[in-house]
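The next block holds one structure in the form of structure tokens; read it before the comments.
The values are calculated or read from the model by the stated rules, or taken from the named source; none is laboratory data. Worth saying up front: this structure is predicted, and the values here are computed from it rather than measured. Ideal geometry is used to build each Cβ from the backbone, glycine not excepted, and the neighbour counts take in all protein chains shown. These accessible areas exclude ligands, DNA and RNA; they are computed on the full protein's heavy atoms, side chains included. Shrake-Rupley method; radii C 1.70, N 1.55, O 1.52, S 1.80 Å.
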Amino acid sequence: MLLGAIADDLTGATDLSLMLARNGMRTVQYIGVPPAGTDFAGAEAVVVALKSRTIPAVEAVAMSTATAAALRSGGAEQIVFKYCSTFDSTDEGNIGPVAEALLEALDAPIAIACPAFPAAGRSIYQGHLFVGEALLSDSPMKDHPLTPMRDANLVRVLQRQCKGKVGLLPLRVVSQGAEAVRAAINAAQTAGYRLLIADAVRDEDLRVLGAALADAALITGGSGIGMGLPDNFRRQGRIGTEPLPARLSAPAGRSVILAGSCSTATRGQVDVAIAAGLPALRIVPLDVASGAQTAADIARWVIDNTGALPAVVYSSDDPAAVKAIQDQLGRDRAGALVEQVLAEVSVTLANNGFSRFIVAGGETSGAVVEALGVRALQIGPEIAPGVPWTRSLGQADLAMALKSGNFGAPDFFLTAWDLLDD
Ligand code: ADP
């Protein structure tokens with residue numbers, strides 16, 4: 001292993017795994033803190049998916065540092081801490097506390113923080129994160145159920161989460177190339193900065209950052225920051241140029257779509273799927289809370305209604321409806337209830353001949369994969385930027401597309417299946 005990565009959610013890990021695999025690294029994704037002595041043999045890059053985005057910061061720190069230790073003892077020379085390209089976090093963390101703990105654990109003086117992912121419309125200029133043409137704080141992320149993002153100035157956002165000093169690595173420097181970036185990072189280190197939000201608006205900027213960070217012990221960012229890192233190992237003749245597979249050979253079985261994301265993209269995908277005639281069942285959180293709607297009922301409905309077309313089970317709803325539910329149940333309880341019910345549904349379906357799953361939502365995917373006992377994922381073909389098909393390694397043999405809520409084209413739930421072979 002050359003590169004080890006710690007991702008704060010499952011779909012984020014998949015996104016980074018895809019980025020590294022696309023850039024020629026043999027990549028395996030593991031789920032959960034790797035037990036001591038895990039054999040990562042055969043992988044050039046290992047991405048560990050945690051579910052640490054919204055848990056208490058102390059727990060996120062403990063899981064992340066334990067994972068870093070496992071990756072280092074497995075041979076990783078460089079550690080990437082991966083979070084969402086929309087910097088999903090609250091003032092309590094967890095990006096800042098985890099980044100600072102990793103700096104300490106790896107004995108690294110400074111790290112950059114760069115969630116930019118231009119292919120998915122995330123760019124950073126003067127420290128401000130844009131989602132498409134809108135500032136983060138004007139984007140639908142302002143209404144995220146768990147991590148509403150109301151400030152687009154990431155220097156300010158990250159500083160609120162950190163003990164050490166947070167600064168800016170501006171585009172003016174990044175556009176001058178890797179040498180200039182290294183000089184600026186060194187100067188910032190001397191001035192006492194611990195983390196620098198790095199501007200990046202094009203893939204080229206991410207490649208410059210990657211080249212500049214060849215010797216960095218710790219790098220933090222979105223999946224985009226993984227774009228330029230494999231080239232450093234290739235230049236040293238340590239990796240080849242393995243292409244991504246174009247298709248995935250999938251285990252035989254039935255297909256289902258489970259959507260627990262309330263993001264605009266997922267809501268649109270659910271609408272398109274329903275309009276195309278896919279059988280669809282809505283999860284009503286208040287009915288789940290009262291026991292009027294159970295996982296067993298939902299799974300039975302899916303089994304009975306899956307025919308030529310896969311069924312969609314969705315809890316996705318608009319911000320006003322989500323807020324109304326959160327006001328009644330509490331934010332965390334509402335989220336956990338929905339995650340839990342979808343996780344239970346997935347287990348019943350896997351036990352009843354379903355082997356091909358699309359899951360929408362990062363937290364949702366984490367809950368589903370944990371319930372299914374999936375330990376690792378082999379990265380397959382790219383369905384959309386940031387979303388590959390994967391094949392699970394673990395208790396069950398499944399084809400899984402785990403989609404961060406915001407990702408994918410409107411027809412994702414209809415067309416993703418086209419990349420699977422029997
Ligand atoms: P995304 O990738 O869009 O962020 P996640 O699955 O990570 O999606 O987060 C969505 C969160 O919202 C989950 O905790 C999920 O259980 C919760 N959720 C889903 N539907 C509803 C709903 N109708 N009301 C309240 N919370 C919901």
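Using heavy atoms of the protein chains and a probe of 1.4 Å, the accessible area assigned to SER249 is about 70 Å². Rounded to the nearest 10 degrees, the inclination of helix 203-212 to the longest alpha-carbon principal axis of the chain is 50 degrees. Cα centroid separation, segment 25-90 to segment 280-326: 32 Å. Backbone geometry of segment 54-59 corresponds, through the Karplus equation with coefficients 6.51, -1.76 and 1.60 at θ = phi - 60°, to 3J(HN,Hα) couplings of 10, 7, x, 4, 4, 6 Hz, x marking Gly and Pro.
Any chance you could look up the accessible area of LEU393 with a 1.4 Å probe, heavy atoms only, rounded to 10 Å²? Here the accessible area works out near 70 Å². Of ILE6, ILE55, the order by accessible heavy-atom surface (1.4 Å probe, DNA, RNA and ligands excluded), from most exposed downward, is ILE55, ILE6.
Each residue of segment 290-305 was assigned a 3J(HN,Hα) from its phi angle through the Karplus curve 6.51 cos²θ - 1.76 cosθ + 1.60 (θ = phi - 60°); the sequence is 7, x, 6, 10, 10, 4, 4, 4, 5, 4, 4, 4, 5, 4, 6, 9 Hz, with glycine and proline shown as x. Dividing the radius of gyration of the alpha carbons in the chain by their Kirkwood radius gives 0.96 for Rg/Rh. Net charge dipole, the chain: roughly 560 debye, given to the nearest 20, about the Cα centre with Cβ charges of +1 for Lys and Arg and -1 for Asp and Glu. Using a probe of 1.4 angstrom and keeping all protein chains present, the accessible surface of the chain works out to 37 square angstrom per residue.
With a 1.4 Å probe rolled over the protein heavy atoms of all chains, the accessible area of TRP389, TRP417 falls in the order TRP417, TRP389, largest first. Report in % the part of the accessible area of the chain that belongs to carbon and sulfur, leaving out ligands and nucleic acids; probe 1.4 Å. In the chain, the share of accessible area belonging to carbon and sulfur is 51 percent. Against the longest alpha carbon principal axis of the chain, how many degrees, from 0 to 90 and to the nearest 10, is the axis of helix 10-22 turned? The two axes meet at around 60 degrees. Amide H to amide H distances under 5 Å link ALA401 with PHE357, ILE358, VAL359, THR390, where only residues 5 or more positions off or on other chains count and H is placed in the peptide plane. Pairs of lysine residues in the chain that meet both criteria, 8 or more places apart or on different chains and Cα atoms under 24 Å apart, total 12.
Rolling a 1.4 Å probe over the protein chains gives LEU286 an accessible area of about 60 Å².
Ranked by solvent-accessible area (1.4 Å probe, protein heavy atoms only, all chains present), the residues ASP39, ASP231 order from largest to smallest as ASP39, ASP231. Coupling constants for segment 140-153 follow from the phi torsions by the Karplus curve (6.51 cos²θ - 1.76 cosθ + 1.60, θ = phi - 60°), and in residue order they are x, 4, 5, 10, 4, x, 10, 10, x, 9, 10, 10, 8, 7 Hz; glycine and proline get x. The rule of thumb for compact globular proteins, 2.2 N^0.38 Å, goes into the C-alpha radius of gyration of segment 248-421 0.95 times. With helices as the sole contributors, the chain gives -11000 deg cm²/dmol at 222 nm; each DSSP H run of n ≥ 4 counts as -39500 (n - 2.57), and the sum is divided by every residue.
Using the Cβ-Cβ distance between LEU281 and ALA134 with R0 set to 25 Å, the FRET efficiency works out to roughly 0.15. Under a 5 Å amide H cut-off, with hydrogens placed 1.01 Å from N, GLN78 pairs with GLY4 among residues at least 5 apart or on other chains.
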